[in-house]
Structure formats: structure tokens, C-alpha cells
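First up is the structure itself, then whatever we jot down about it.
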Amino acid sequence: MLKKFTFSTNLIFLCVLFISCDGDNGPAPSNVPVLSNIQLVDPVHYADSQTVSVLVSDPQGPGDIDSVWGNYLVPGNPGSVRYIRFHDDGTNGDAAPGDSRFTSRFRPATGFILADYALNIGAVDLAGNSADWIESAFSVIDTTTPLYPVLSDVQLELYHFYRDSQTVSVLVSDPNGPEDIDSVWGRYYFDEAIPIYAHVLLNDIGINGDLIPGDSRYTAMFLPDSGAFIQGFYKVNIWAVDLDGQQSARYDTLFVSADSAGLVSPAFFDLELDIIHNYTDSQTVSIYVSDPQGYDNIDSVWGEWFSVDNPFPVNHILFYDDGSHGDQSSGDGIFTITFMADTGVFDIGLHYLSIFAADLDGHQSDQFDTTFTTVGNPTLFNVVAPDSIEQIPGDTVRVTITVDAYDPDGLSDIDSVFFTSTRVGEPPDPDHFHLYDDGDVSAHGDLVAGDGTYSLIIQVDESSIPGDYIFKFFAYDSDGNGSNNPETMVTVY
């Protein structure tokens, strides 16, 4: 009986001890996700996108995370909330998929307001458990820092066997970092006269001719579908686009496709001259001449110059590489001539210049044709506009259009610069869209005031009518003299 009583007493004591210990240990471990180590861009330019990332941990493991999201209030409008979703799949700004750092890249359709933004981020797991919200903030500023990608140091084979593939590469930088580059494109033309061209996509991931992935040098290796380049000159046009849709300036270069016997004639590269030229000034023209047999094999370089109103050459001019006639350095392969009309005054209008070279073996280069314009009135040139603009549902695409202006009496004599936009197949639209040279990046897209580049931001949204639009440009000086009227076509789709 004593043994039985003792056993019961001990059992009751152990039960009480167990209950007491369980209460002292506190609540069971939590299954709720935890957010930490938030990273974002601060400050951010009003026209850029914002990239925010947050580290998410879960007691059940990364696979238990169902979703991560956030919201921010639009300053000055307490009732206006914008929601954003975070990703860990290598998209939308996420750098490394599956690393538990969730990222969101976002930008309002019309750009950020210049103000401070409060940001809240939350997460939920597959069981519906919600993490504690984490908060942060960033400021939106205005700045003159360029927003566009920049191309430099293009490399390719200048002389190229017509049955070989061509490799071209370009160094790409972006004010917002290398991860802001969305794509780099090229297209090539034959002899610059045939409108047929082909697009190539350059990459920085170690394929298709790219040597070092992630070094900001983008590369393409390409060959026409026929398996052979046409023999002659090719122009390559390269540009880059960032994640906000901002395009770099176009970079043009040339290469020569040779036949199986090899190229034996001299070839031209890197022409320099004043495209817009005051009628009372002399004109200096320089061109780089290369010969497969070497510099010493070049015998002579000359040109024939005539105006648009006179189809016959009015002057034969000889180019020099001896440090005279405007040539800067003797023997560097750059041949130069400084010349002027015999009367001392160029005729106002378009002028043609054909350049030739011959080697000591009697081989003559292909004819190289160029033009320049002599002006007395305002002159417009170098129109920069996208070939096409894509409509994005729920978004407004902002694109900057620019044109350079020249006036022989100085830029201060230019009274107005504008363009008209006419949809192909419709009557001309009488509306004028004025461009500005005021340095107002936010309002007009103009980078530098008073530099002769006139700019305007146009917007395309869901309400825009798709089609091909002809943009025609005009300028007038203070005396009412009109300019030439360059045109460009932009496709909205």
C-alpha cells in the first residue's frame, strides 16, 4: 500500500511540474515571416524609376513565402495610394533570383512629384501569417544629371572578308548604373544608300562573341541570312535603351566587306567637315584614308566640289597630309583641304563633294560622296527622334525630340523653332509644337540652355492614335527669314 501511494503522489507531482515549466517557457516559436535590411535609392530623380529591395526570412523556409508587397502615399494627396509588388525571380529589378531578397522597380506614369515619399512593405506566408510592416522613405529631386545611356569605344573589323561573321562591340555606361541598361541594339546598312537593313541584339552575358559577361561591353556576332555580306561599305548604327525607356545617342561606324582576293584599293573613314557652313567662311574637310598595302602606298587624294544648282564640278581640290592647307599632323593618314569659292563667297544652298583616292599601283577607291549646306538664314539639322514609340497600357511614355539650329547672325537671332506632326494618310495638322533651348529638363527635356539644341518632351498614352507620323521642323529668325525643313518619321504602335 505504501508503494502504491508513493507512486501516485510522484505522478501528480510530475504533472504539476510539467504544467508549471510549460508556463515559464512563454509562447511557442512564431511562424510569421520577418522583413529586414531594406535598400532603396535615395534621393531619386523625378523621371527615374525607384528600386527597393527587402530581405525576407521565414521559419518554414524560403518556399513558405507567398507574396511581398508595398504601398506608398502620393504626397499632397492623402487618399491616393499606389501599390507595388516585390519579386525574387530575377525580374523587375531583382538581381539574384532565389536569394530571399525581394525587389520592386516602379515609377508613376507621369513621373514622381518633387517631394518626400513614405513607403510601407509587408509579406504573407502560405498559411496566411503576415509579417510586421517595415517602413522607409525616400526623397525625389530634380537634377541636370543625364538620364540617358552613353555609348563609347566601338570596336569591329574595319576590313572584313565577306563570308566571315562580323563582330562588333561597344562600351555602355548609364548614370543609374549598369543594371539600368535594358537592351543594346544595332542595325546595319549597305553603302548607306540601300534602305534594307537588319537588326542585331548586343549582349553582355558571354555569348555570341561577348568575351567577359558583366563588364559593360556589349557584343554581337552576326552574318546576313544569305551567309555572305555584299562586297562594299557597311554602316552600323548602335544605340542603347535603359529600363525607363530612355535611349542613348546613336553611334555610327563603318566597315568594308572584301572579296576573296582581299581588298586592294584605298578606303575612306571618319569624314569631318562643317555640315552647316556660313557662306562667307572657308570650309575645311578631313578624311582618314587607309590602304591594305600601307600608308606609303597612297598616291593621291582629291575631291570634286559643286553646288546643287550646278551639276558639273566647279572646282577640283587636292587633299594634303603634310601639315598644310588645314592639315593638323603630317603623315597620320588624315588628308585635309581648306578651300573657298573662287569669288570668296559660297553660294547659299546645298553643296556636293565627291572624294577619291588612288594608290601607287593605280587602284582607285570607291567614290565617297558627302554634302554640306551654306546658309544665310536659320538652318536646322541633326534631328534626334525615336523610330518608334510603343504604347504601354496604363502608362504614359515620355520621349524627348531635339533638333540643332544654326544662324549666321548668332543663336540670339533665332526667334522660334517648332515642328508639325501629321499622321500619314491624313490632312496636314495645323498645330505647331514649339521646341525650347532653355535648359529646362523637367518641362522640355532640354539639357543645356543656349547651346543651339532645341528640345521638347512628347507624351504617348493609351489615347494616342497608332500610325506613322511625319514630323516637319521649322525655324524663323527675328527678321522673319525661314529655315530649311527637315523631316523624320515616328511610328506609334
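Return yes when VAL399 is closer than 20 Å to VAL490 by Cβ, under 26 Å from the mean Cα position of the chain (by Cα) and surrounded by 19 or more Cβ atoms within 10 Å (Cβ to Cβ) and no when it is not. Don't jump to the end; show me each part of the working.
On the way: closer than 20 Å to VAL490 by Cβ: yes; under 26 Å from the mean Cα position of the chain (by Cα): yes; surrounded by 19 or more Cβ atoms within 10 Å (Cβ to Cβ): no.
Answer is no for this residue.
Considering ALA475, ALA443, which residue is within 24 Å of THR374 (Cβ to Cβ) and aliphatic (A, V, I, L, M)?
Exactly one residue qualifies, and that residue is ALA475.
Run down SER421, SER412, SER365 and say which single residue is of a type outside the set (Lys, Arg) and without any contact (Cβ under 8 Å) to a residue 24 or more places away in the chain.
On the way: SER421 fails: without any contact (Cβ under 8 Å) to a residue 24 or more places away in the chain; SER365 fails: without any contact (Cβ under 8 Å) to a residue 24 or more places away in the chain.
SER412 is the lone residue from the list that is of a type outside the set (Lys, Arg) and without any contact (Cβ under 8 Å) to a residue 24 or more places away in the chain.
Would you mind stating whether ASP48 is at pLDDT below 90, buried (at least 19 other Cβ atoms within 10 Å of the Cβ) and out of contact with any helix residue (DSSP H, G or I) (no Cβ under 6 Å at 6 or more places or on another chain)?
It is true that ASP48 is at pLDDT below 90, buried (at least 19 other Cβ atoms within 10 Å of the Cβ) and out of contact with any helix residue (DSSP H, G or I) (no Cβ under 6 Å at 6 or more places or on another chain).
Does the range 202-211 contain at least one residue that is modelled with pLDDT of 80 or more and in a strand (DSSP E or B)?
Within the range 202-211, one or more residues are modelled with pLDDT of 80 or more and in a strand (DSSP E or B).
Step by step: first the residues of the range 106-137, then only those that are over 15 Å from GLY70 (Cβ atoms) and more than 32 Å from the chain's Cα centre (by Cα), then the one that is surrounded by the fewest Cβ atoms within 10 Å (Cβ to Cβ). Which residue is that? Walk me through how you get there before you give the answer.
Taking the range 106-137 as the starting set, the residues that turn out to be over 15 Å from GLY70 (Cβ atoms) are 109-116, 125-129.
Applying the additional criterion that residues be more than 32 Å from the chain's Cα centre (by Cα) yields 125-129.
On the way: ASP125: 21, LEU126: 12, ALA127: 10, GLY128: 7, ASN129: 17.
Across the range 106-137, the extreme among qualifying residues is GLY128.
What number goes with the only condition from (1) in a strand (DSSP E or B); (2) on the phi < 0 side of the Ramachandran plot; (3) modelled with pLDDT under 90 that PRO393 does not pass?
All conditions are met except number (1).
Looking at (1) of a type outside the set (Phe, Trp, Tyr); (2) modelled with pLDDT under 80; (3) surrounded by fewer than 19 Cβ atoms within 10 Å (Cβ to Cβ), which is the one condition that is false for ASP252?
All conditions are met except number (2).
Hey, among the residues in the range 59-99 that are out of contact with any Lys or Arg (no Cβ under 6 Å at 6 or more places or on another chain) and hydroxyl-bearing (Ser, Thr, Tyr), which one's nearest to GLY122 (Cα to Cα)?
SER67
Condition check: among the small types (Gly, Ala, Ser), closer than 19 Å to GLN246 by Cβ, in the same structural domain as VAL383 (by TED's automatic domain parsing) and exposed (fewer than 14 other Cβ atoms within 10 Å of the Cβ). Does ALA443 satisfy that?
Criteria met by ALA443.
Just one of (1) of a type outside the set (S, T, N, Q); (2) in contact with a Phe, Trp or Tyr (Cβ under 7 Å, 6 or more places away or on another chain); (3) part of a loop (DSSP other than H, G, I, E, B); (4) surrounded by fewer than 19 Cβ atoms within 10 Å (Cβ to Cβ) trips up LYS472, so point out which.
(3)
With the checklist (1) farther than 18 Å from VAL384 by Cα; (2) surrounded by 16 or more Cβ atoms within 10 Å (Cβ to Cβ) in hand, flag the one item ASP437 doesn't pass.
With respect to (1) farther than 18 Å from VAL384 by Cα; (2) surrounded by 16 or more Cβ atoms within 10 Å (Cβ to Cβ), ASP437 is out only on (1).
Which condition breaks for GLN391 when tested against (1) farther than 30 Å from ASP407 by Cα; (2) surrounded by fewer than 16 Cβ atoms within 10 Å (Cβ to Cβ)?
The single condition GLN391 does not satisfy is (2).
Cβ-Cβ distance below 7 Å, separation of 6 or more or different chains: which pairs start in the range 76-87 with a residue that is assigned by TED's automatic domain parsing to the domain that holds PHE102 and farther than 13 Å from TYR117 by Cα and end on one that is in a loop (DSSP other than H, G, I, E, B) and at pLDDT 80 or above?
HIS87/ASP94
If you go through the range 312-363 one residue at a time, how many are in a strand (DSSP E or B) and closer than 18 Å to SER265 by Cβ? Please lay out each step first, then the result.
Residues of the range 312-363 in a strand (DSSP E or B): 315-318, 320, 334-339, 349-359.
Filter once more, so that each one left must be closer than 18 Å to SER265 by Cβ: 335, 354-359.
Count: 7.
Go through the range 154-172 and give me each residue that's in contact with a Lys or Arg (Cβ under 8 Å, 6 or more places away or on another chain) and either outside the structural domain of ASP242 (by TED's automatic domain parsing) or of a type in the set (S, T, N, Q) (or both).
SER169
Having 2 or more residues that are of a type in the set (Lys, Arg) and more than 30 Å from PRO266 (Cα to Cα) is the bar; report the strands (runs of 3 or more DSSP E) wholly within the range 56-164 that clear it.
In the range 56-164, the matching strands (runs of 3 or more DSSP E) lie at 81-85, 101-106.
I'd like the full set of residues that are of a type in the set (Phe, Trp, Tyr) and touching a Ser or Thr at 6+ places or on another chain (Cβ under 6 Å), limited to the range 38-92.
Hit for the range 38-92 is PHE86, nothing else.
I'd like the full set of residues that are within 36 Å of the chain's Cα centre (by Cα), surrounded by 14 or more Cβ atoms within 10 Å (Cβ to Cβ) and among the charged types (D, E, K, R), limited to the range 315-359.
Passing the criteria: only ASP327.
What pairs can you find where one residue is in the range 447-465 and assigned to a loop (DSSP other than H, G, I, E, B), the other is polar (S, T, N, Q), and their Cβ atoms are less than 6 Å apart, with a gap of 6+ or different chains?
Final answer for the pair search is ASP461/THR396.
Among (1) assigned by TED's automatic domain parsing to the domain that holds THR167; (2) surrounded by 14 or more Cβ atoms within 10 Å (Cβ to Cβ), there is one condition ASP299 misses while meeting the rest; what is its number?
Only one criterion is unmet by ASP299, namely (1).
The values are calculated or read from the model by the stated rules, or taken from the named source; none is laboratory data. As the structure is a prediction and not an experimental result, all values here were calculated from the model. Reconstructed Cβ throughout: ideal geometry from the backbone, glycine too, with neighbour counts over all protein chains shown.
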